[in-house]
Structures are given as structure tokens and as C-alpha cells.
Amino acid sequence: MTTVAAYAAPAAKAPLERTTIERRAVREFDVLIDIKFAGICHSDIHQVQEGWGEAIFPMVPGHEIAGIVSEVGPGVTRYKVGDRVGVGCMVDSCRECDNCKAGQEQYCVKGNVQTYNGIGKDGEPTYGGYSQKIVVDENFVVRIPDGLSLDVAAPLLCAGITLYSPLKRWNAGPGKKVAILGMGGLGHMGVKIAHALGAEVTVLSQSLRKKDDGLRLGADHYYATSDPKTFQELQATFDLIVSTVSAPLDFNAYLTLLKAEGVLVNVGAPEEPISLNLFSVIGGGKTLAGSMIGGIPETQEMLDFCAAHGIGSEIELIEASEVNTAYERVQSSDVRYRFVIDTATI
Ligand SMILES: [Zn+2]
Ligand SMILES: [Zn+2]
């Protein structure tokens, strides 16, 4: 066991504070990672606040982890000391179900082990990336290519894969008109990745406040959803809309923006059930879909793609002591576009 400095919420809704946690000794297939950077995902805040149900405390959030391997177990074959690596939202799964065998561990039928606020197969709670070291089975570690700086790579481990996976699955590419709904931590990654895939990209954002950024990051068009004219002008325009919004949405209105057989895929999750007139999908043979992060092989594919296209997240690097302020700013959408903790400051 190793004692490691960390930032933790001692109880639900409590501010995060500096503490120490124990990391397990490296087992046969484990790697020990010196964490360099950890992104702040909106879901960290949801879980600290128990917005998604009862959680485990103390909680060390963080599932956008980038660092350097500092020790490997005797059975490890994929990584060696000094390798640049990342860890995302999962650190284990059953590895036996059809989804795990297909590399879709995020949909493990027995439930995967979350990087934090989870219980490992050893019965111990998991602690995330707001800490200086983490021990993870090599099968749930991915490689960060040399061309990608670790600080801007960290948010790819959740925000990046969350957008890459549905864009690939629903064939974003040349000749396709893709709309990214919401221009935040997730949405800005969607703009960059959809653009790099060759699609014609439109941002649909509440206002035009971030229009310059959207166009700079790769969008071809930018519309305000607060303007009713947007919905008239863009009727039957898109092959694919990816919604990153977690506030209540008028799905019937957004479905009118799809071409026939278009797809509206959700990666954001409004807390309340939605109201849907099924004629909105019957007419035009449309699909309303969902997507959650991505499997380990696809996460590696995404990192390789991002490195090849020079894509990192747009970040504001902070010291660990600023984390509570950063949480407040995330909740008021006051971040461009992801806070990343320099874990050397913990
Ligand atoms: Zn996340
Ligand atoms: Zn499984």
C-alpha cells in the first residue's frame, strides 16, 4: 500500500479538501501511474452532490486522468515504466459478457467498475484522479501518443470519447451534415472531432456568445437555439445531431431539424423524463438514440485519431486548491472549455 495525497469530498455536497488515501500494492497485471493532470467533468459534480443517487464518501472524483507509468506488475506486457498513459471512466469490468468481449466494456451487463465512486472486485472503494497516483489493471489503461500534451489529453478520456464514439457509430464524415447541440466541455470536443472526420459542422447553442470559439475550433455554421428563426431555417438539414445538453429539451422541435432517416443521439442526460410525440420519429423514419463514453479499444482509437489530427481539449489549468471555485464556475457554464487540475499542486 502507498499513501497518496488527494482531494476528496468528505461527505455529500461538502467542499473538497486535501487529504490522503491508500493505493493498493501493484498486483500481477497492474500499472502504477504518477498522475500529472486530471480533468474536471460535470459528472464529478453530480456525484459529489449525490445528484445521481447515493454515493460513496469520502469521494476522490476524477475520470479524466493523464500521467506516466512508474511501476508495472510482473505480468504486465502492454506498458513499461516511463510510458505516457491515460485512464478514463472505468477501471474494470466482468470481461466475460458479450459486450466486454466485443470491447464495449462501458455496457458490461454486470456493470463496469467506475474509476471512482465504485467498488472494485476486491471489495474496496475506488478513488479517482484528483490524486497523485493511481493503480489500474493494464487492460483499462490507454496509451497517450507522444504528439499529444498530457494536460490537453486528460479531458479526452471522458469528454473526447463521449463524442468520438457516437460520431463514428453514426458515420459523421465527408458529405454529412452534423450538428453539435451545446458548446461546453463535451460540445467543443464534438466540434473538433466532427470537423476532423470531414463532416460539415453546425453548432446549435443557446446564444451566439461562443460563436467565435466555435468557428475557430472547426464549426462551419453557428446558430442560436433561443432564436425561433433557427428552427425554420434549419428544418430537415442534418444527417446527425449529437446533443450534449443535460437541461430539458424540446425533442420534438430538434427532431424536425433532421433529414429523413437522420439520427439524434444523446450523450447529455436531462434529469427529468422527456415528452416525445412519436410522430416526430415516425415521420421521416428518424432515430432517437443514446451513447455512453466508449470501450477501451475505441478510447485508444480516439486518442490515436486526436494525436494524428492535433486535437486536444481547450483547457483552463488550475491548482488543486481552486477546485471548489472551479465547480461553481462549471455549474454556471463559466469555463472555456474544461478545467484541468495540475496534480503536482495537490
Ligand atoms: Zn466524465
Ligand atoms: Zn461484462
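With respect to the conditions (1) within 16 Å of ligand 2 (Cβ to nearest atom); (2) not in a loop (DSSP other than H, G, I, E, B), K110 falls short on a single one, namely (2). Condition check for V91 on (1) part of a strand (DSSP E or B); (2) within 16 Å of ligand 2 (Cβ to nearest atom); (3) in contact with a Lys or Arg (Cβ under 9 Å, 6 or more places away or on another chain): one failure, at (3).
May I ask you to say which residue of D137, D146 is farther than 25 Å from L16 by Cβ and within 16 Å of ligand 2 (Cβ to nearest atom)?
D137
Residues in segment 211-231 that are among the aliphatic types (A, V, I, L, M) and surrounded by fewer than 20 Cβ atoms within 10 Å (Cβ to Cβ) were compared, and the one that is farthest from C306 (Cα to Cα) is A224.
Does segment 210-248 hold any residues that are within 13 Å of G182 (Cα to Cα), free of Cβ contacts under 8 Å to residues at least 60 places away in the same chain and of a type outside the set (K, R), and which are they? Within segment 210-248, G214, A219, Y222, Y223, A224, T225, S226, A247, P248 meet the criteria. Suppose we keep only residues that are buried (at least 24 other Cβ atoms within 10 Å of the Cβ) and out of contact with any helix residue (DSSP H, G or I) (no Cβ under 8 Å at 6 or more places or on another chain) within segment 137-165. Which one would you say is nearest to R95 (Cα to Cα)? This residue is V141.
Selection of segment 271-300 for residues being farther than 19 Å from V245 by Cα, outside any loop (DSSP other than H, G, I, E, B) and in contact (Cβ under 8 Å) with a residue 40 or more places away in the chain yields I296, P297, E298, T299, Q300.
Counting just the residues of segment 85-103 that are of a type outside the set (A, V, I, L, M, F, W, C) and buried (at least 19 other Cβ atoms within 10 Å of the Cβ), which one comes out nearest to ligand 1 (Cβ to nearest atom)? For segment 85-103, the residue satisfying everything is G88.
Given the criterion among the charged types (D, E, K, R) and touching a strand residue (DSSP E or B) at 6+ places or on another chain (Cβ under 7 Å), identify the matching residue among R143, R209, R169. Sole residue among the options that is among the charged types (D, E, K, R) and touching a strand residue (DSSP E or B) at 6+ places or on another chain (Cβ under 7 Å): R143.
Right, G268: over 30 Å from T20 (Cβ atoms) and at pLDDT below 95 or not?
When the stated conditions are applied, G268 passes them.
Here A38 clears all of (1) more than 14 Å from ligand 1 (Cβ to nearest atom); (2) among the aliphatic types (A, V, I, L, M); (3) touching a residue at least 24 places away in the same chain (Cβ under 8 Å) except the condition numbered (1). For segment 232-258, a tally of residues being closer than 24 Å to L197 by Cα and surrounded by 15 or more Cβ atoms within 10 Å (Cβ to Cβ) returns 14. Of the residues making up segment 259-281, those that are on the phi < 0 side of the Ramachandran plot and exposed (fewer than 11 other Cβ atoms within 10 Å of the Cβ) are A260, E271, E272, P273, S275, L278, F279. Evaluated against (1) more than 24 Å from the chain's Cα centre (by Cα); (2) away from ligand 2 (no atom under 16 Å from the Cβ); (3) not hydrophobic (A, V, I, L, M, F, W, C), E96 falls short on exactly one condition, (2). In summary, L249 fulfils each of the numbered conditions (1) modelled with pLDDT of 95 or more; (2) closer than 30 Å to G88 by Cβ; (3) not hydroxyl-bearing (S, T, Y) with the single exception of condition (1). Scan segment 282-308 for residues that are more than 20 Å from H42 (Cα to Cα), of a type in the set (A, V, I, L, M) and either within 16 Å of ligand 1 (Cβ to nearest atom) or surrounded by fewer than 13 Cβ atoms within 10 Å (Cβ to Cβ) (or both) and jot them down. Answer for segment 282-308, where residues must be more than 20 Å from H42 (Cα to Cα), of a type in the set (A, V, I, L, M) and either within 16 Å of ligand 1 (Cβ to nearest atom) or surrounded by fewer than 13 Cβ atoms within 10 Å (Cβ to Cβ) (or both): I282, I296, M302, L303, A308.
For segment 137-187, a residue qualifies if it is part of a loop (DSSP other than H, G, I, E, B) and of a type in the set (F, W, Y), and exactly one does: W170.
The values are calculated or read from the model by the stated rules, or taken from the named source; none is laboratory data. Quick caveat: nothing in here was measured; it's all calculated off a predicted structure. Please note: Cβ atoms are built from the backbone with ideal geometry, for glycine as well, and neighbour counts cover all protein chains shown.
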